[in-house]
Amino acid sequence: MVDAAEARPPFRAVRLRLSAALWRRPWLKAAALLALPVLAFAIVYLGALAALFVSAFWQVDSFTGRVVHVWTLDNFRSVVQDKVYRDIAFRTIWMAAAVTATTAVLAFPLAYFMARLASRRLRATLFVLVLLPLWSSYLVRIYAWRTILAKQGALNWALNGVGLPDAGLAYTNWAMWIVFSYVWLPFMILPVYGALERLPHSYIEASRDLGASGFETFRRIVLPLALPGVIAGSIFTFSLTLGDYVTPLLAGSGKQQFIGNVVYQSVGISNNVPFAAAFATIPLAVMAVYLVIARRLGAFEAM
């Protein structure tokens, strides 16, 4: 009993010193809290990216089909010099840009109405409607649009009912654009809503008092202040479209390949992991540049 009583004060003193050190140095407390998550992130995510980048410099033995750890740039040369792969990369980037622009145009009016005009009850209802599609499976939503856009689907049935010909959208780039825009639209609405909700109403009133028209107020006040939210939403829509391979496979029936499809086929069918890794560096490089631009535009402050 005496030994335990004598051993208690040193432990209490150590605890008090540690508490005082953490109080004087808040960054040390933050470092202690974040050490384990950051370490896990570095091992799992950054380690996987490093392994992906390193494997892109290897090659596959044409006779045995095994990966040979011999350093070469042949995979990157194929990606850059082969016109087929260049076209696939440009097609993917173009589709991602088109989907991002479409979702921004569709999301802005709805987000503005939710943030500035809707009552509290209506705003809650709209939030539920925006998030409701996310509660269902991603594949279910794609197959639902396949049913709508099919030759005998709901869209052609409605057009034929009013005397119009079939739309002919099934398994085309237009179908993929529609499905992508629908699937990723909530990821654009929420950041734009957050940016517009923080917009002080006094700015709009001051603009009107100074004689600005509605368009001028939107162009000079609303849009610049909401732009970080739009850029933040575009990070989601652009990156998710850039790496998706399920939608092109189901909505496009695999006729038009995207980067994700080539990577999937290289890994799962031809067993050419080095080439898949080299081709997968394209969306990584594009997103790295995109994130730098988004950071300069203040997008991270709206996320």
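The values are calculated or read from the model by the stated rules, or taken from the named source; none is laboratory data. Values in this document were obtained by computation on a predicted structure and should not be read as measured data. Virtual Cβ from ideal backbone geometry, glycine too; neighbours counted across all protein chains shown. Remember, those area values only see protein heavy atoms, side chains included, never the ligands or the DNA or RNA. Shrake-Rupley method; radii C 1.70, N 1.55, O 1.52, S 1.80 Å.
Things to note:
- Every test in (1) closer than 22 Å to residue 239 by Cβ; (2) touching a Pro at 6+ places or on another chain (Cβ under 8 Å) is passed by residue 58 save one, and that test is (1).
- Enumeration of residues in the stretch 52-75 that are open to solvent by 60 Å² or more (accessible area, probe 1.4 Å) and either without any contact (Cβ under 8 Å) to a residue 40 or more places away in the chain or part of a loop (DSSP other than H, G, I, E, B) (or both): 62, 63, 64, 66, 69, 70, 71, 73, 74
- The single residue among 268, 243 that is open to solvent by 10 Å² or more (accessible area, probe 1.4 Å) and either over 16 Å from the mean Cα position of the chain (by Cα) or of a type in the set (Phe, Trp, Tyr) (or both) turns out to be 268.
- Flag for residue 134 being touching a residue at least 24 places away in the same chain (Cβ under 8 Å), out of contact with any helix residue (DSSP H, G or I) (no Cβ under 7 Å at 6 or more places or on another chain) and part of a helix (DSSP H, G or I): no
- Residue, modelled with the lowest pLDDT, within the stretch 287-301, restricted to residues that are open to solvent by less than 40 Å² (accessible area, probe 1.4 Å) and within 15 Å of the chain's Cα centre (by Cα): 299
- For residue 78: the one exception among (1) open to solvent by 60 Å² or more (accessible area, probe 1.4 Å); (2) not in a loop (DSSP other than H, G, I, E, B): (1)
- Meets criteria (open to solvent by less than 10 Å² (accessible area, probe 1.4 Å), in contact with a Ser or Thr (Cβ under 6 Å, 6 or more places away or on another chain) and part of a helix (DSSP H, G or I)) for residue 207: no
- Test: residue in the stretch 154-174 that is within 23 Å of residue 261 (Cα to Cα) and in a helix (DSSP H, G or I): yes
- Restricting the stretch 153-203 to residues that are among the charged types (D, E, K, R) and closer than 22 Å to residue 237 by Cβ leaves a set whose member that is least open to solvent (accessible area, probe 1.4 Å) is 197.
- Residue within the stretch 112-124 that is in contact (Cβ under 8 Å) with a residue 24 or more places away in the chain, open to solvent by 50 Å² or more (accessible area, probe 1.4 Å), under 18 Å from residue 192 (Cα atoms) and not aliphatic (A, V, I, L, M) present: yes
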